[in-house]
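Enquirer: One structure, as structure tokens, below. Some questions next.
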Amino acid sequence: MSPPLPTGFRHLVYSLADALDLVGIDDVGHGKRVGIMAAEVAEVLDLPPERRLFLFELGLLHDIGVSSTVTHHHLVTEFDWQGAQAHCLTGAELLRDFAPLKAYAEPIRYHHTPWAKLPPDLPADLRQAANLVFLVDRVDAFAAPHYGDGSLLMSTGEIRDAICQHDGSYFDPALVAAFLQASRSEAFWLRLEMRNVQASLADRLNEPDQRTIAIAELKQLAAIFSRIVDAKSAFTAQHSLGVSRLAGLLAGYLGVASERREQLEIAGLLHDIGKLRVPDEVLDKPARLDARERSIMNTHSFETYQILRLIPGLEEIAYWAACHHEEPGGNGYPFRLAAETLPLEARILRVADIFQAMVQDRPYRRGLPAGEALAFVDDLVTQGRVDGDIAATLATHLDAAYAAARPEIS
């Protein structure tokens, strides 16, 4: 078994879950606020500390099935939406086979199911968890227009009344009563302002955490988040997995030690996590991006760095992932690093990212044959935009590289 990483499980999961809030361009912080409110209501219900922690973490993760900014906008602007169930099913499927987070799968599956329509054979604790998250999720949707403009405290009565209108139909009456008690105080609402949300998350991260995570589990968790990222656009299905596999293959041929290869594969899985912040219409544009759209797209690698860099033990992974658009000539982004400052792993990741994108099928074109994709990479070498030694290694092992980059056919 691989050794545990030098980071607590909570710190890792919270940091990656924080990335889910990047999807909410018009409402950053949704998952954290849902977790905070769920824990507050759980305290009124006098639930034990471990149950309150579970509900807080469920709030963080409840929208793990959402990567589309369009879907997120529906969820935070409409009380009920006919497409809401899709992300619940996706989220449950993502976590069902990952043992450390498996317990959250069923509550996530039902977190947009009205109380009166929950399966009668669903265990009571799951019914409570799913419906509590649904309730405070809708509270946050009602409150969203008031964050940051000073009007939230003047709107709490209206929000509370809106929840009461769905007592017994959408929401368990016992949970509605507990919410009404918890939300009587100004503190309940002030905790939802972004500066206080971040403070609450920091408090949680400072609490002792006995759970550890091994690198194999980290790789599995990274694969889950890569699926979230790649599902954001029809153009990128399995892109991160292909990049991860190809980067690991090239690293092996280049003599990179096995432990660092595993870390590089994790960087490949997570390299585009910052794209959760990019609007769907930019990612899905089937034509050349204009200057404004390109500037938006180019933020994603720095967003990846911001998400990953504060996780203890992942500092190198964060840096490699963030540098996958850096060029040896110093004209890449986001840092414009010169060749001598670029780690080998980052240079490998760049070649893997480019080659995989070229050979991958897209809705508007078939993937290029291996030879044509290699010619494209070689042209970039001539321009000083990718590492020539890594491109040469790619050429030497072209068939294996092509198979690694196309996981759907290998």
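The values are calculated or read from the model by the stated rules, or taken from the named source; none is laboratory data. As the structure is a prediction and not an experimental result, all values here were calculated from the model. Ideal geometry is used to build each Cβ from the backbone, glycine not excepted, and the neighbour counts take in all protein chains shown. Please note that ligands, DNA and RNA were not included when accessible areas were found on the heavy atoms of the full protein model with its side chains. Shrake-Rupley method; radii C 1.70, N 1.55, O 1.52, S 1.80 Å.
Enquirer: Has the stretch 366-376 got at least one residue that is touching a helix residue (DSSP H, G or I) at 6+ places or on another chain (Cβ under 8 Å), modelled with pLDDT under 90 and more than 24 Å from HIS11 (Cβ to Cβ)?
Expert: Scanning the stretch 366-376, I find at least one residue that is touching a helix residue (DSSP H, G or I) at 6+ places or on another chain (Cβ under 8 Å), modelled with pLDDT under 90 and more than 24 Å from HIS11 (Cβ to Cβ), so the answer is yes.
Enquirer: Okay, next question. Would you please name the residue that is modelled with the lowest pLDDT, looking only at residues in the stretch 28-54 that are open to solvent by 10 Å² or more (accessible area, probe 1.4 Å) and part of a loop (DSSP other than H, G, I, E, B)?
Expert: Among them, the one singled out is VAL28.
Enquirer: Out of the stretch 208-234, which residues are open to solvent by less than 50 Å² (accessible area, probe 1.4 Å), within 30 Å of LEU47 (Cα to Cα) and not in a helix (DSSP H, G or I)?
Expert: Across the stretch 208-234, the qualifying residues are ASP209, ILE213.
Enquirer: Counting only residues that are part of a loop (DSSP other than H, G, I, E, B) and without any contact (Cβ under 8 Å) to a residue 24 or more places away in the chain, how many does the stretch 245-262 have?
Expert: 2
Enquirer: Right, another one. Restricting to the stretch 261-278, and then to whatever is among the basic types (Lys, Arg) and at pLDDT 90 or above, can you tell me which residue is most open to solvent (accessible area, probe 1.4 Å)?
Expert: Per the stated criteria, the residue is ARG261.
Enquirer: Let me ask something additional. State which residue is farthest from PRO328 (Cα to Cα) when the search covers only the stretch 385-410 and only residues that are at pLDDT below 95 and open to solvent by less than 30 Å² (accessible area, probe 1.4 Å).
Expert: Step by step, filter the stretch 385-410, then rank; the result is PRO407.
Enquirer: Ok, one more. Within the stretch 200-207, is there a residue that is open to solvent by less than 30 Å² (accessible area, probe 1.4 Å), within 18 Å of the chain's Cα centre (by Cα) and under 19 Å from ASP18 (Cα atoms)?
Expert: yes
Enquirer: When only residues in the stretch 230-260 that are basic (Lys, Arg) and touching a Ser or Thr at 6+ places or on another chain (Cβ under 9 Å) count, which is modelled with the highest pLDDT?
Expert: Applying the filter and picking the extreme gives ARG245.
Enquirer: Okay, moving on. Can you name the residue in the stretch 127-166 that is crowded, with 18+ Cβ neighbours inside 10 Å and charged (D, E, K, R) and is also nearest to the chain's Cα centre (by Cα) among such residues?
Expert: ASP137
Enquirer: Just to be sure, is GLU57 closer than 24 Å to VAL176 by Cβ and over 19 Å from the mean Cα position of the chain (by Cα)?
Expert: In short, no.
Enquirer: Right, another one. Regarding GLU281, is this residue open to solvent by 10 Å² or more (accessible area, probe 1.4 Å) and modelled with pLDDT of 95 or more?
Expert: When the stated conditions are applied, GLU281 does not pass them.
Enquirer: Then there's this: Among the listed residues ALA124, ALA116, ALA129, ALA105, identify the single one that is of a type in the set (A, V, I, L, M) and more than 19 Å from PHE179 (Cβ to Cβ).
Expert: Just one listed residue meets the conditions, ALA105.
Enquirer: Related question: Do we find a residue being of a type in the set (A, V, I, L, M), open to solvent by less than 10 Å² (accessible area, probe 1.4 Å) and outside any helix (DSSP H, G or I) anywhere in the stretch 235-244?
Expert: Checking the stretch 235-244: not a single residue is of a type in the set (A, V, I, L, M), open to solvent by less than 10 Å² (accessible area, probe 1.4 Å) and outside any helix (DSSP H, G or I).
Enquirer: List every residue pair whose Cβ atoms sit under 6 Å apart, with the two residues 6 or more apart in sequence or on different chains, where the first one lies in the stretch 376-405 and is closer than 25 Å to LEU241 by Cβ and the second, anywhere, is part of a helix (DSSP H, G or I) and among the hydroxyl-bearing types (Ser, Thr, Tyr).
Expert: Correct list of pairs: THR393/TYR253; HIS397/TYR253.
Enquirer: If you check every pair at least six apart or on different chains, which have Cβ atoms under 9 Å apart with a residue in the stretch 60-81 that is closer than 15 Å to LEU94 by Cα first and a residue that is in a loop (DSSP other than H, G, I, E, B) and not charged (D, E, K, R) second?
Expert: Partner pairs satisfying both residue conditions: HIS62/HIS111; ASP63/GLY24; ASP63/HIS111; GLY65/ALA231; VAL66/GLY24; SER67/ALA231; SER67/SER233.
Enquirer: To continue, here is another question. Tell me the residue from SER169, SER155, SER183 that is of a type in the set (S, T, N, Q), farther than 22 Å from LEU45 by Cα and touching a residue at least 12 places away in the same chain (Cβ under 8 Å), please.
Expert: Result: SER155 is the single residue among SER169, SER155, SER183 that is of a type in the set (S, T, N, Q), farther than 22 Å from LEU45 by Cα and touching a residue at least 12 places away in the same chain (Cβ under 8 Å).
Enquirer: Within the stretch 331-343, is even one residue in contact with a Leu (Cβ under 7 Å, 6 or more places away or on another chain) and either open to solvent by less than 20 Å² (accessible area, probe 1.4 Å) or under 27 Å from VAL13 (Cβ atoms) (or both)?
Expert: no
Enquirer: Another question, if that's okay. If GLN356 meets every condition in (1) closer than 26 Å to VAL278 by Cα; (2) surrounded by fewer than 20 Cβ atoms within 10 Å (Cβ to Cβ) apart from one, which number is that one?
Expert: Condition not satisfied by GLN356: (2).
Enquirer: Tell me yes or no: at least one residue of the stretch 399-408 is over 20 Å from HIS271 (Cα atoms) and in a loop (DSSP other than H, G, I, E, B).
Expert: No, because not a single residue in the stretch 399-408 is over 20 Å from HIS271 (Cα atoms) and in a loop (DSSP other than H, G, I, E, B).
Enquirer: Mind listing just one residue for me: the one in the stretch 82-116 that is open to solvent by 30 Å² or more (accessible area, probe 1.4 Å) and touching a Phe, Trp or Tyr at 6+ places or on another chain (Cβ under 9 Å) and, of those, modelled with the lowest pLDDT?
Expert: PRO100
Enquirer: Taking the condition open to solvent by 50 Å² or more (accessible area, probe 1.4 Å), free of Cβ contacts under 8 Å to residues at least 60 places away in the same chain and more than 24 Å from LEU101 (Cβ to Cβ), does ARG195 pass?
Expert: yes
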